[in-house]
Structure formats: structure tokens, C-alpha cells
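Worksheet for the structure shown next.
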Amino acid sequence: MSLIPVDEALRRILASVPGPVEAEDVPIAAAAGRTLATDLAAARTQPPFDGSAMDGYAVRARDAARVPATLRVVGRSVAGRRFAGPVGEGEAVRIFTGAPMPEGADSVVIQEDTDRGGETVTIREAARPDRHIRRAGLDFRTGDVLLRAGERLDARRLALAAAMGHGTLSCRRKPRVAILATGDELVRPGEDGGPDAIVASNSYAIAALAARAGGEPIDLGIARDDHADLARCLAAAREGEADLLVTLGGASVGDHDLVQEALTRAGMELGFWKVALRPGKPLMHGRLGRTLLLGLPGNPVSSVICGVLFGVPAIRALLGDPDAGADPTEAAWLGADLPANDTRQDYMRATLALDGEGRAIVTAQSRQDSSMLATLSASEALIVRPPHAPPARAGDLVRAIRLARFG
């Protein structure tokens, strides 16, 4: 099977997603990070009344059009407790930020422009109609659709949903992401597997990416290079009704790389295998019944980068995000020269800094081996080098991915 381009691989993965997972009602206090299943319309008007934007005095503008003007103070209006009566000719109401405007008043004079003396106030700055007033519906009105299906409820959107009057939100349930590490050499962190053991780190990185994207990670543990053990773990993924199964390692062509064969025995419908990217060429995609499958490389950096490029968009597509396949790159400027690229799209680990003009400057790490987690951890970005890209010099414009976006 020939190598396919990165964009084509992502297109095929997203096309294989059968549709969003089911919706469920979530209390707004538990909805942070969840994804809306339906458009959300305001259940109330905000603000629900004409209110003061400043501390001062509510007046009729025509009574204080010429200054100084002395008015009789007839009451107070505070947030949550309005002045009940009207403001008549020659009258003022002491008012505070966020308090309802009293009937008859059409302007607020800020307290710094007044002098209070007992039951009267002297206005020193001429009042103007609508001055310092937030009119009812300034932010939104009942029925306005302000949030859309597929949007993730971050702090800003969650605050808006609350202000719109919603105590419960219809959200997509979290897609179940089963994660299976494979290999006789692997041990869990903290275990002593002898001098030839390798700590299984990929599972934790993919679980973190899945959770940040809105999924529910399910750790299937470590499968040995044995068909019976692999079959047992694949059965566990099915029993757990995984929406996405991510396998780690074992998908290459060596004598001990049994994952693809085990998946085929289990009924996998192979979508593609091998993508023209570095690192991460032996990426595998398919379906196992209703479960979407991604077989990521065993090298830890390859695994993480493939998780960013393909795993996160797949989870967002399962959540109904219309922007699941959006380009994650942004413009950046090279901090050091780069050689010409070959036939595979390269994702180079890089540091990121801002220059005096606020531009993002990315500098490729000197060592790019796909096994080096320390280099990845010290990197804030990936420089994207298209196939056959010519040599690039410091100061050239490139595309880059900020890793902080993915956790």
C-alpha cells in the first residue's frame, strides 16, 4: 500500500466517522469542557431592564441640561432593589452600577461630577439623554441564538450559557476512547521489567490528548505480542463500546508486529496504512464494527504527533464539531536555517519565542529523532515542512502548530 498524503489521511478518517455520538442533558455546573449538541437560544433578555453603567445620580436630562443644577434626592436604586417610584421634575435618585433605572429618568450623572448636600445634589456636568445607561437587551434578547451545536463550552461560552438562563445543557456524551499499548518490552511506569524493558509512556500522552479534546479515555493496558492476548484486549474494547480504539505500536511489518493481523482476524475493515509524514509513517486507519480505529506508531514522539494530527480531529468529529478538520497551523517565522525536505511532510519539534514585534519565531530542535520525548517536552511548536520544500532561511515565513493548544 503506497503512502498517502497527510491531508488525504485526515479526510478519510473524518469521512469514516458515522456521525456525532448521542446527546445527554448536563447540569451547567458540570458542563465545562463539554460540547453542545444543539444550538442554544437565550431564554431571557440581558440586561432585563434599563440599568446604570456607573455610580451616580439618575436624573431627567432636561433638568440638568444647564449647570450647575440643584436637584432634590428622592431615593436610592441599588442592584437587586430598585427605586419604586418615578423621578419627577427637579428630582434625582442616587443610583449604583447595575441598578435598574427609575421610571422617568433618562440619564446618569457620575458621582464625580456632583456635590451632595443633605437632601439635594448639585450637578456640575451637563446631563445628556441615555448617558451611562445600559438599555434592556443591550447584550442579547430572548430567542437570540448565541451558541451553536458543536461548540465547546470553555469559560467564556459557559458564562454566556448561564447568562442566557440555562441551568441544563444538551451536550454530546464524551466519546469513549479505548487505548491499547502493545509490545513484550513494555512495562507500566514504576514497574521493574529488567534491563530490556521500556516504560509504556504513549498511553498517558494519548489519554491526555483525548481528555483535552473532550473524550473519555479508557486504558486497556498492555497487550503482549501474542494473538490470544491481543484478541482478549480487542474484545474488551468491543465490550466497553468504544467509539474510538487507539492502538500503540505493533502495526509495522516486523515478525513481532502482530497488531494489524490481530485486527484483521477480529474483523477490521482497513482504511489505509502508511502516511507520507515524518514522524508517524506507519499510521493505520480502519473500522472494527461500529468502532473507529487508529493504529499509531510505537515511537513516542510519532505517537503524540499522530494523536495531535488525527486523533484529536477524530474525537472532535465524534462530538459533532463542524471545525473538527480545521487547519491547526498558523504563520510563524524561522529562527534558524532549514535544509530541503524530502517526499514526506515533516513535523519538526521546535522552540517558540516572540520577537520585539510580537511575531512567533520558531527554531527547530537540533535533534529530531522520533524516540526523544525530552526534545518533544522542551518544544512548544511543530514546524510543518511540506513534501519537497526547498531550503529555508532564518526569517522565512513558515506554518507551525502550537502544542499548547492540545494540552
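What you get for the range 205-357, charging only the Cβ of Lys and Arg (+1) and of Asp and Glu (-1), is a dipole of about 360 debye around the Cα centre. For D39, the residues whose amide H sits under 5 Å from its own are A149, ignoring neighbours fewer than 5 places away on the same chain, with H placed 1.01 Å from N. Over the chain, DSSP H runs of length four or greater, each weighted -39,500 (n - 2.57), average out per residue to a 222 nm ellipticity of -5000 deg cm²/dmol. Would you work out if the range 233-333 is rounded, prolate or oblate? Take a ≥ b ≥ c from the square roots of the eigenvalues of the alpha-carbon gyration tensor; rounded if a/c is under 1.5, else prolate when a/b is larger than b/c, oblate otherwise. Taking the square roots of the gyration eigenvalues as a ≥ b ≥ c, the range 233-333 is oblate. The orientation-averaged shadow of the Cα convex hull for the range 330-406, equal to a quarter of the hull surface, comes to 5.0 nm². For A65, the residues whose modelled amide H falls within less than 5 Å of its own, excluding neighbours fewer than 5 places apart on the same chain, are A127.
Only Lys, Arg, Asp and Glu carry charge here, each on its Cβ (+1 for the first two, -1 for the last two); on that basis the range 330-406 has a dipole of about 160 debye about its Cα centre. In this simple spin-label approximation, A389 and E330 carry label points 7 Å from Cα along the Cα→Cβ vector, and these lie 1.7 nm apart.
Applying a DSSP loop filter and a limit of 16 other Cβ atoms within 10 Å to the GluC sites (Glu not before Pro) in the range 117-193 leaves E119, E125, E191.
As an exercise, take the mean of 1/r over every pair of distinct alpha carbons in the chain, invert it, and state the Kirkwood radius in angstroms. Don't skip to the end; give the middle numbers.
On the way: mean 1/r = 0.0394 Å⁻¹.
Radius from the Kirkwood sum: 25.3 Å.
Looking at the range 1-67, which GluC sites (Glu not before Pro) are DSSP coil and have at most 11 other C-beta atoms within 10 Å of their C-beta? Don't skip to the answer; put the middle values down first.
On the way: sites: E8, E22, E24; in loops: E22.
Filter output for the range 1-67: E22.
Check each of the trypsin sites (Lys or Arg not before Pro) in the range 312-407 and keep only those in coil by DSSP with at most 16 other C-beta atoms within 10 angstrom; list them in order. Display every interim value, and only then the final one.
Details: sites: R316, R344, R349, R359, R367, R393, R399, R402, R405; in loops: R344, R359, R367, R393.
Passing sites in the range 312-407 are R359, R367, R393.
Nearest 0.05, what FRET efficiency do I28 and D139 give at R0 = 25 Å with Cβ-Cβ as r? After rounding to 0.05, the efficiency reads 0.90. For the chain, build the charge dipole from Cβ charges (+1 Lys, Arg; -1 Asp, Glu) around the Cα centre, then report which of G80, A317, C233 sits farthest towards its positive end. The residue sitting most towards the positive pole is G80. Ranking P195, A64, A340 by how far each Cα lies toward the positive end of the dipole of the chain (charges on Cβ) leaves A64 at the top.
Suppose every K and R has +1 on its Cβ and every D and E has -1 on its Cβ; what is the size of the dipole of the chain about the Cα centre, in Debye to the nearest 20? Don't jump to the answer; show the numbers that get you there.
Working: 48 positive and 52 negative charges, 237 e Å.
Once rounded to the nearest 20, the dipole reads 1140 debye.
Here the contact order of the range 330-406, divided by its residue count and restricted to Cα pairs under 8 Å and six or more residues apart, works out to 45 percent.
Coordinate-derived values only; no laboratory data. Just so we're clear, the structure is a prediction, and the values are computed from it rather than from any experiment. Here the Cβ is made from the backbone with ideal geometry for all residues, glycine too, and neighbour counts use every protein chain on show.
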